[in-house]
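The values are calculated or read from the model by the stated rules, or taken from the named source; none is laboratory data. Keep in mind that this is a model prediction, so the values were computed, not measured. All Cβ positions, even for glycine, are placed from backbone atoms using ideal geometry, and neighbour counts span all protein chains on display.
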Amino acid sequence: MTKYITVIGLEVHAELKTKSKAFCSCSTEFGGVPNTHVCPVCLGMPGALPSLNKQVVEFAIRAGLALNCEIKVFNKFDRKNYFYPDLSKNYQISQYDKPICKHGHIDINLDGSEKRIGITRIHMEEDAGKLVHNGATISSSSSSSVDYNRAGVPLIEIVSEPDMRSAEEARAYLENLKAILEYIDVCDCKMQEGSLRCDANISIMPEGATKFGTRAEIKNLNSFRALVRAIDYEVERQKAVLEKGEEVVQETRTWDDTAGVTKSMRSKEEAHDYRYFAEPDLLPVELDEAWIERVRAELPELPAQRQARLMQDFGLPKYDASIIVATKAMAEYFDEAVKTTQDAKGIANWLLGDVSAYLNNEGITISEFNVTPAHLAELVNLTKEGVLSSKLAKKVFAEMLKADKAPKTFVKELGLEQVSDESAIIKLVEETLAENPQSVADFKAGKERAIGFLVGQIMKKSKGKANPEIVQKLLREALG
């Protein structure tokens with residue numbers, strides 16, 4: 001069987017966090033009663049004229065700078081003409097030949113190897129409405145309703161170069177892009193609400209070939225899992241087509257998450273099919289260099305910069321730092337927690353361990369976590385100071401999940417203070433040795449495992465409160 005190279009490019013649509021729509025004053029709030037956040041402008045009524053929202057332009061500049069793009073001081077809007085039920089005007093206001101941003105990049109790290117993924121362009125446009133299907137998917141529905149609340153919501157479309165060669169590279173690119181958009185606060189990136197979604201252009205070509213194969217575009221992937229599964233399926237589908245001696249057809253396909261397959265929707269349109277022309281109701285956008293430089297100066301610390309700082313200032317391993325900075329909220333939680341503890345690695349261990357496990361089990365984010373950074377830092381301090389063993393700290397943590405009170409409060413209420421008084425522990429050691437002569441004999445005969453049994457018996461006697469390190473030390477001393 002022929003070996004193939006996978007070629008992937010992503011078109012990512014990010015809804016901007018403006019209060020009003022791109023060209024009118026209607027609300028952009030998610031989840032309103034269908035067709036209530038609408039007006040003659042976003043519904044495309046005859047004679048209604050658009051007026052550009054300045055915040056949309058600023059957010060596009062901010063995104064372009066964060067993604068290493070050239071900002072084009074002269075750009076313009078165009079009409080993208082097509083007929084679809086969710087497009088009330090039968091055209092979309094977008095940007096075609098003169099977008100606001102061009103030639104950027106994102107660096108990804110996969111299995112320790114770094115790779116740069118090019119960004120072709122970023123352009124501003126308005127969103128279409130939303131089709132509400134009466135079945136599970138568009139292909140299985142006999143009818144659909146249209147909600148135009150989303151029509152006119154401002155978007156930026158971020159178009160990558162076809163530089164990705166696997167589903168995992170595409171996932172890493174989208175994860176990094178999502179983190180950057182969150183950090184610069186231009187998009188809430190709630191993929192489940194559709195505020196961040198992507199189309200994947202996928203083709204394959206035989207190893208050694210220089211010309212890309214015919215691509216299929218998979219529309220509206222709204223989760224990382226869906227992105228990976230859709231790419232993997234589509235690659236295998238195209239391989240099967242070629243191995244049968246047939247040709248891959250250029251088309252738009254949809255992803256059926258339940259069935260785990262892509263399905264054909266329509267033949268893929270080319271640019272000329274949209275009959276682009278300059279939007280006659282909007283003037284070209286001419287940016288002031290001073291405005292661009294102000295936005296540049298106001299850019300926050302980005303994920304890569306934050307990761308470098310956590311490694312340098314707190315000595316965190318690269319892996320720990322990369323996971324913490326992957327979401328803005330987690331990074332901010334860490335920074336707040338380390339203000340009241342010297343044990344940054346202890347905070348990282350909790351965040352990557354028990355805290356992340358709890359968040360995953362509950363299906364919530366760190367923003368919804370009820371334990372404050374200060375209280376988690378206090379728990380780390382109590383462990384470092386020897387007041388709590390790691391086992392007892394987990395018990396306190398479990399109580400903190402029920403009620404966000406200071407860890408010291410739970411330690412007192414439950415009587416969980418770790419015993420580090422050697423005079424109290426030596427009594428437990430003597431009792432245990434007297435009760436277990438066979439284990440003592442086994443240890444003296446060279447069976448090292450016997451010490452573990454004896455430590456366990458002492459910890460049981462202390463109800464888990466004895467300091468394990470002191471128990472080990474005193475036990476070995478008593479055994480000579």
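A few notes on this one:
- Qualifying residues in region 1-25 (those that are among the β-branched types (Val, Ile, Thr) and in a strand (DSSP E or B)) - the one surrounded by the fewest Cβ atoms within 10 Å (Cβ to Cβ): ILE5
- Subset of region 266-284 that is within 22 Å of THR214 (Cβ to Cβ) and surrounded by 16 or more Cβ atoms within 10 Å (Cβ to Cβ) - its residue that is modelled with the lowest pLDDT: LYS268
- Every residue from region 309-319 that is modelled with pLDDT of 95 or more, in a helix (DSSP H, G or I) and not basic (Lys, Arg): LEU310, MET311, GLN312, ASP313, PHE314
Results for (1) at pLDDT 80 or above; (2) part of a helix (DSSP H, G or I); (3) aromatic (Phe, Trp, Tyr), shown as yes or no for each residue.
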residue	(1), (2), (3)
ASN370	yes, no, no
LEU379	yes, yes, no
ALA393	yes, yes, no
LYS405	yes, no, no
SER423	no, yes, no
LEU428	no, yes, no
PHE443	no, yes, yes
LYS447	no, no, no
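- Region 449-480, residues that are assigned to a loop (DSSP other than H, G, I, E, B) and surrounded by 13 or more Cβ atoms within 10 Å (Cβ to Cβ): SER462, GLY464, LYS465, ASN467, LEU479
- Flag for ASN201 being touching a Gly at 6+ places or on another chain (Cβ under 7 Å) and within 26 Å of LYS89 (Cα to Cα): no
- Flag for LEU65 being at pLDDT 95 or above, crowded, with 17+ Cβ neighbours inside 10 Å, not in a strand (DSSP E or B) and not small (Gly, Ala, Ser): yes
- Of residues in region 381-390 being surrounded by 13 or more Cβ atoms within 10 Å (Cβ to Cβ) and not in a loop (DSSP other than H, G, I, E, B), the one modelled with the highest pLDDT: ASN381
- ASP86 vs. criteria in contact with a strand residue (DSSP E or B) (Cβ under 7 Å, 6 or more places away or on another chain) and not in a strand (DSSP E or B): yes
- Any hit, region 241-253, residues being part of a helix (DSSP H, G or I), surrounded by fewer than 17 Cβ atoms within 10 Å (Cβ to Cβ) and touching a Ser or Thr at 6+ places or on another chain (Cβ under 8 Å): yes
- Candidate set from region 161-175 (those that are within 28 Å of LYS80 (Cβ to Cβ) and touching a helix residue (DSSP H, G or I) at 6+ places or on another chain (Cβ under 7 Å)); member that is surrounded by the most Cβ atoms within 10 Å (Cβ to Cβ): ALA170
- Scope region 347-375; condition in contact with a Ser or Thr (Cβ under 9 Å, 6 or more places away or on another chain) and over 27 Å from ALA172 (Cα atoms); matching residues: PRO373, ALA374
- Residue check for ILE364: of a type outside the set (Gly, Ala, Ser), closer than 23 Å to LEU316 by Cβ and outside the structural domain of LYS190 (by TED's automatic domain parsing): no
- Residues being surrounded by 13 or more Cβ atoms within 10 Å (Cβ to Cβ), within 23 Å of ASN467 (Cα to Cα) and over 17 Å from the mean Cα position of the chain (by Cα) are entirely absent from region 356-373.
- Every pair of residues 6+ apart whose Cβ atoms lie under 8 Å, when the first sits in region 22-40 and is in the same structural domain as ASP86 (by TED's automatic domain parsing) while the second is in a loop (DSSP other than H, G, I, E, B) and β-branched (Val, Ile, Thr): ALA22/VAL153; PHE23/VAL41; CYS24/VAL41; CYS26/VAL38; CYS26/VAL41; THR28/THR18; THR28/VAL153; HIS37/THR28
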